[in-house]
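First up is the structure itself, then whatever we jot down about it.
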Amino acid sequence: MACRGFKIAKGWEDKGIELPKRATKHSAGYDIKAAEDVVIPKYVQDMKPTLIPTGLKAYCMPDEWYMLANRSSGPKKGLVMPNSIGIIDSDYYENETNDGHFYFQYWNFSNEDIIIKKGDCIGQAIFMKYLITDDDNAQGKRIGGFGSSDS
């Protein structure tokens, strides 16, 4: 049985998407690349972040999640993730709203627009285990994609 990995999301199969790889034997994160060209405009007040599609979905064990994290060079270029990290639960995979396709979102705090080209490394994904409390009794089931488990 497969434990964790990446697949191409529905609708992106013929777009030349590469599955993520780690750069070195001891790298924690898998390098994630942009699925298409995107312009991230310089930030103005009350601006929403720019979403960068990956063309990917990821699967993991029920007691795992994966983190989307900025590259260490991102803030040096002015790129900041509005949520600091992305937390993606195991049940996001193949959800009925978007098949589990995950995106990176960025604000650009540099003085000019930043152009991301298809194939540019935009962040990293790191698989993690999580723990629950003794009295945990969660029974909910995900029925949608991004932000669908809001309470």
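The values are calculated or read from the model by the stated rules, or taken from the named source; none is laboratory data. Since we're looking at a predicted model, the values are computed, not measured. With ideal geometry, Cβ positions are generated from the backbone for all residues, glycine too; neighbour counts draw on all protein chains shown.
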Return the pair list, or none, for Cβ contacts closer than 8 Å from residues in the range 79-91 that are in a loop (DSSP other than H, G, I, E, B) to residues that are among the aliphatic types (A, V, I, L, M) and crowded, with 19+ Cβ neighbours inside 10 Å, at least 6 apart or on different chains. MET81/LEU68; MET81/ALA69
When you scan the range 92-110, how many residues do you find that are surrounded by fewer than 19 Cβ atoms within 10 Å (Cβ to Cβ), under 17 Å from LEU56 (Cβ atoms) and in contact (Cβ under 8 Å) with a residue 60 or more places away in the chain? 2
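For (1) under 24 Å from GLU96 (Cβ atoms); (2) in contact (Cβ under 8 Å) with a residue 12 or more places away in the chain, each residue gets a yes or a no:
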position	(1), (2)
LYS7	yes, yes
TRP12	yes, yes
LYS21	no, no
LYS25	no, no
TYR30	no, yes
ILE40	no, yes
LEU51	yes, yes
Restricting attention to the range 57-74, which residues are farther than 27 Å from LYS15 by Cα and either crowded, with 17+ Cβ neighbours inside 10 Å or of a type outside the set (A, V, I, L, M) (or both)? PRO62, ASP63, GLU64, SER72
Within the range 101-116, identify whether any single residue is part of a loop (DSSP other than H, G, I, E, B) and under 15 Å from the mean Cα position of the chain (by Cα), and answer yes or no. yes
Considering every residue within the range 35-56, establish whether at least one is of a type outside the set (Phe, Trp, Tyr), assigned to a strand (DSSP E or B), crowded, with 19+ Cβ neighbours inside 10 Å and in contact with a Gly (Cβ under 6 Å, 6 or more places away or on another chain). no
Residue selected from the range 126-150 under the condition among the hydrophobic types (A, V, I, L, M, F, W, C) and farther than 30 Å from THR24 by Cα, by the criterion modelled with the lowest pLDDT: PHE146
